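Trainee: Okay, handing you the structure first.
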Amino acid sequence: MAERVGVNRILLWSGLALAAALLSIRQIAGHAAPAIPLPPDVAALDGVILYHSVLPRIAVALVAGAALGLSGLLLQRVLRNPLAEPSTLGVSAGAQLALTLGMLYAPALMDHAREGMALAGGLAAVGLILAMTWRRGLEPVAVVLAGMMVALTATMGSAALILANGEYLFSIFLWGGGALAQQSWGPTLTIALRLLIGAGAAFLLMRPLAILGLDDASARSLGVALNATRFGVIGVAVWLAASVTAEVGVIGFVGLAAPALAHLSGARTQGQRLVAAPLIGALLLWLTDGLVQLLAGVDGERVPTGAATALLGGPLLLWLLPRLRMFEWPSLNSRPAPSRRSPHPYRLIALFAVLGAVAVGLALTVGTGPGGWTLSTGPLLDTLLGWRGPRVAVAAAAGAMLAAAGMLLQRVTANPLASPEILGVGTGAGVGLTAALFLVTAPGFGVQLAASAAGAVLTLAAMLALSLRAGFGPERLLLAGIAMSALCSAVLTAVIATGSPQAFALLRWLSGSTNEAGPGDAWFCIGVAMLLLATLPLTAKWLEILPLGDVTARAVGLPVRRCRVLLVLLAGLLTAAAALFVGPLSFIGLIAPHLARLAGLGRPLQQGIGAVLIGAGLMVVSDWLARTVAFPYQLPLGLFAALLAGPYLVWLLGRSEARSR
Amino acid sequence: MTGRATITRRRVLGLAAGSALLPRLGRAESGRRVAAIDWAGLETALALGIVPVAATELIQFRKTVVEPEVPDSVIDLGLRGSPNYEALTLAEPDLILTSNYYEGQRASLERVADTLSLPIYRPGVPPYRLAAEAALTLGRALDREAEARAVVAGAGAEIARLGESLSGAVRRPVLAINFGDARHVRAFGDDSMFGAVLQRLGLRNAWASQSSYSAAAPLGIEALARMPDAIAIVVPPLPSDVVRGLDDSALWQALPMVREKRVSVIEPVNHFGGLPAALRFARLVTAALLRPESVRHG
């Protein structure tokens, strides 16, 4: 039985390799033996193209795929985390931010130190993530969450830099999509050299690596210099990924999928995996690039290869998730201690309301103009209120809805790290919006809202279906959310890379802007927020009981499953309505409920009201910063929201472990 | 009309905004204050002798469009994609020039003043004629019909004259490209302004299909090998790392147009411009083609 399965898998991989080889032969044949006889100088040029473009492209796909496969394997092994890979750990996004900075501010440096810049960016991202999660013992879910946070913030930072400089850097788009076209053997040789060194290092570290797969105590008792080995391996993996990023751009999912597929294909021992993962990575990228070229028209490739791998890899990851044995998967014991409950919760709520009102007042009256900072009053204020009023209203309503959605999801899943952003609900809404933009010519507001709500609710439903198979465990839910979010982002990346008018609309939406908000939007947004938030008090009892666990909930007669479905539906609607206006990437939904709880609002209803006020206030402040910092150029709202929320997440991740350890 | 009241209110606003001297230059003879969201509209208005009160992305405009020159009095409105409506309101325009690219913003713009959409770039439509129409439309809207007719006729005559100076001198097809990075180019086809100008100059565009202008990776430079006898006109921006990459690229160096020094880099010109950009491109291309020995690149 096992024998036959093994043979089948070998047949499968051979078949895929054969397909990739045929695609390559087709490309080579087009140049080696042209259909019509050509004049000699053109024929000579064909040789040059074959030697300097076609062959290096095949080679670079192979070595880059192998390097990413090896990098992913090393990271997964050393972090004991099946979801670790260069893109989930923010290596690619960090490298991208560093390269964007270099291109804008130190072009001379970029001439010589491109790889160095990318490596510095990648190492900084990984360093930040490790520092954030160190005290949690590098727990997988925490690492992936921190990675996602860092990656998103870095991506937003790159977008903000591009926008603030008024440069629509073509090459950054290109490079962000990972394009494999080649004109010389340089990149191939660079990556191949790194791959050889990396493979050599991995071979030498084989024994310590195997031991690192055990828990820390066992590893230490076997005499491994734990941290030195760990950092060494991480360094090698980051170097491999950063050099691929510097040479050909961001290529997602190969690093994630290759080791997982190696495992599923029966590579059990460390040595087998060290061989199989790079081979499978090389094959995946080779095949993807062949398909991209096959589908390209005369006027060029429509999808960059880097985005295409993500499109193939996302569904693969979702399919893998229920099948992956989470090796020594630690339980999320990070539920924060019930913090001190305030004896006067309603005084606290009043305080938050006052602070929110101050934020609103600030955003309405203070701004920058042609003459610098101004406090507007009188007739000028009347004029400006026509613009600032709707913006502030939309920001406040969206912040409130995201905060409420975050509170719901955290309570329903009994998972302190759940939030609409992390569960992929916001990006799901984005995919719905994309569908509307492409399927309907000039979709009206109602259509956009319906499509984005459908996207959000479907995303949540898909995740529920996935995670219910393995029970509604907090870890699986988070991972399903992360996978879904990555898949949706890949769809958005592929669409944005087409450069169509819809793509620019999406790019603007992704960065989150309230700039176009008019009075109609404002009333609508406030109306939806009021309507949905009004249902919160009705759910208070469920929210009190559900976190106690299914058994308790059933014992007191709560229809558990129906409650969850209704709550998740409510959270999906709240997120979709908010994301339509402020984009998917804010993290307000994650932190507002936490801030409310930490302030001493423990009961669901009090926490909900507090979170709503805090979320509204934070979003108003973010919007005000986006509007004023680089006047008259406007920056992405999501950037400031993430920057306000990021430090708090770092603190949260560090803090809760200090106690539970 | 309410001219007097507007002026007093504007002065109040101007004082309050800390700029007591809000420019009056934008006042065309017709008495209209114009703001431009679209760059082609800005160029065309300037060509008609109208100085707008406000326009978008002026830092980038002065760098990449160069002419016509934008006077300092024009207020910068920020990004074209998300113009600063507060600054726009304070500039008090009574006509806003946009285009079909900014349909999503029309509702907001109309809260400030009337808009005039001047579409020049539509998929599959040669833009030169639309640019001329845009100039005439703008002339009618601003009581500058005579100037508009003169600008259109002048541009046509100038391009025809430039074409004559080229006739016989250039037999090869001409290719207008822009580098994305050292490995990718965008080619300007017949539906682009540059393609249309090449046609009017009596030149053959080596890129036969439509423009491959998008944010994605449209063409690897190996595609240039399919046009061995073409002359390439490189339109900036041309970042320094692209130049370095091309120097190292064996394929680029092996291209016949590079080996035989048939590649010219011209000065910056608006890729999505109006008549002034078309005329500027025509002048730059003619000068490049008539230069005795074209430089390699840079």
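Trainee: Which whole-Hz couplings ³J(HN,Hα) result when phi for each residue of the range A:55-63 is put into the Karplus expression 6.51 cos²θ - 1.76 cosθ + 1.60, θ = phi - 60°, listed in order with x for Gly and Pro?
Mentor: Here the 3J(HN,Hα) series is 5, x, 5, 4, 5, 5, 4, 5, 6 Hz.
Trainee: Sort A:V248, A:V582, A:V565 so the one with the fewest other Cβ atoms within 10 Å of its own Cβ comes first.
Mentor: By the 10 Å Cβ count, ascending: A:V565, A:V248, A:V582.
Trainee: Can I ask one more? When a/c is below 1.5 the answer is rounded, else prolate if a/b is larger than b/c, else oblate, so apply that to the range B:155-290 with a ≥ b ≥ c taken from the square roots of the Cα gyration tensor eigenvalues.
Mentor: Prolate, since a/c reaches 1.5 and a/b exceeds b/c.
Trainee: All other residues with a Cβ under 14 Å from the Cβ of A:A522 taken together, and with Lys, Arg as +1 and Asp, Glu as -1, what is their net charge?
Mentor: Details: positive: A:R388, A:R391, B:R111; negative: A:E516, A:D521, A:D623.
For residues surrounding A:A522, the net value is 0.
Trainee: Quick query: amide H of B:S117 versus all other amide H atoms, modeled in the peptide plane; which residues come in under 5 Å with a sequence gap of 5 or more or a different chain?
Mentor: For B:S117, whose amide H was placed from the backbone, the distant partners under 5 Å are B:T98.
Trainee: While we're looking at this one, here's another question. Quick one: Karplus J couplings for the range A:186-197, per residue in order, coefficients 6.51, -1.76, 1.60, θ = phi - 60°, nearest Hz, x for Gly and Pro?
Mentor: Residue by residue, the range A:186-197 yields x, x, 4, 5, 4, 5, 4, 4, 4, 5, 4, 4 Hz.
Trainee: Still on this structure, please answer the following. Take the Cα radius of gyration of the range A:397-660 and divide it by 2.2 N^0.38 Å, with N its residue count; two decimals is plenty.
Mentor: The reported ratio for this selection is 0.97.
Trainee: Here's a follow-up. Please list B:66-79, A:81-94, A:254-267, A:10-23 highest first by mean number of surrounding beta-carbon atoms within 10 Å per residue.
Mentor: Top of the packing list down: A:81-94, A:254-267, B:66-79, A:10-23.
Trainee: May I pose another question? Determine, from the Cβ-Cβ distance of B:A153 and A:L196 and an R0 of 60 Å, the FRET efficiency 1/(1 + (r/R0)^6), rounded to the nearest 0.05.
Mentor: Here the calculated transfer efficiency is 0.35.
Trainee: Treat the count of other C-beta atoms within 10 Å as a stand-in for reagent exposure and order A:V54, B:V185 from fewest to most.
Mentor: Exposure proxy ranking, most exposed first: A:V54, B:V185.
Trainee: Which of B:L219, B:V243, B:Q253 sits closest to the plus end of the dipole of the range B:155-290, meaning its Cα is farthest towards the positive end, when Lys and Arg get +1 and Asp and Glu get -1 on the C-beta?
Mentor: The Cα lying farthest towards the positive end belongs to B:Q253.
Trainee: Net charge near A:Q607, counting Lys/Arg +1 and Asp/Glu -1 over other residues with Cβ under 13 Å of its Cβ?
Mentor: Details: positive: A:R341, A:R411, A:R597, A:R603; negative: A:E544.
Cβ neighbours under 13 Å give a net charge of +3.
Trainee: Which whole-Hz couplings ³J(HN,Hα) result when phi for each residue of the range A:620-626 is put into the Karplus expression 6.51 cos²θ - 1.76 cosθ + 1.60, θ = phi - 60°, listed in order with x for Gly and Pro?
Mentor: 5, 5, 4, 5, 5, 5, 4
Trainee: Here is a further query. Which of the peptides A:65-78, B:88-101, A:544-557 is most tightly packed, and how do the rest follow, judged by the mean count of other Cβ atoms within 10 Å per residue?
Mentor: Most protected by this proxy first, the peptides run A:65-78, B:88-101, A:544-557.
Trainee: Any idea which of A:Q634, A:Q606, A:A517 is furthest toward the positive side of the dipole for the range A:397-660, if Lys and Arg beta-carbons carry +1 and Asp and Glu beta-carbons -1?
Mentor: Sorting the options by dipole projection puts first A:Q606.
Trainee: Please work out whether the range B:67-122 counts as rounded, prolate or oblate from its C-alpha gyration tensor, where a ≥ b ≥ c are the square roots of the eigenvalues and a/c under 1.5 means rounded, while otherwise a/b larger than b/c means prolate and anything else oblate? Don't skip to the answer; put the middle values down first.
Mentor: On the way: a/c = 1.66, a/b = 1.13, b/c = 1.47.
Judged from the Cα gyration tensor, the range B:67-122 comes out oblate (a/c at least 1.5, b/c at or above a/b).
Trainee: Assuming a ≥ b ≥ c are the square roots of the Cα gyration tensor eigenvalues, decide whether the range B:103-235 counts as rounded (a/c under 1.5), prolate (otherwise, with a/b larger than b/c) or oblate. Write out the running numbers ahead of the final one.
Mentor: Values: a/c = 3.46, a/b = 1.39, b/c = 2.49.
Cα axes put the range B:103-235 in the oblate bin.
Trainee: Partner chain Cβ atoms within 10 Å, averaged over the residues of B:60-70 - can you pull that number for me?
Mentor: 1
Every number in this text was worked out from the coordinates using simple rules, so none of it is lab data. Bear in mind the structure is a predicted one, so any value in this text is a computation, not a measurement. Using ideal geometry, Cβ is built from the backbone for each residue, glycine included, and neighbour counts are taken over all protein chains shown.
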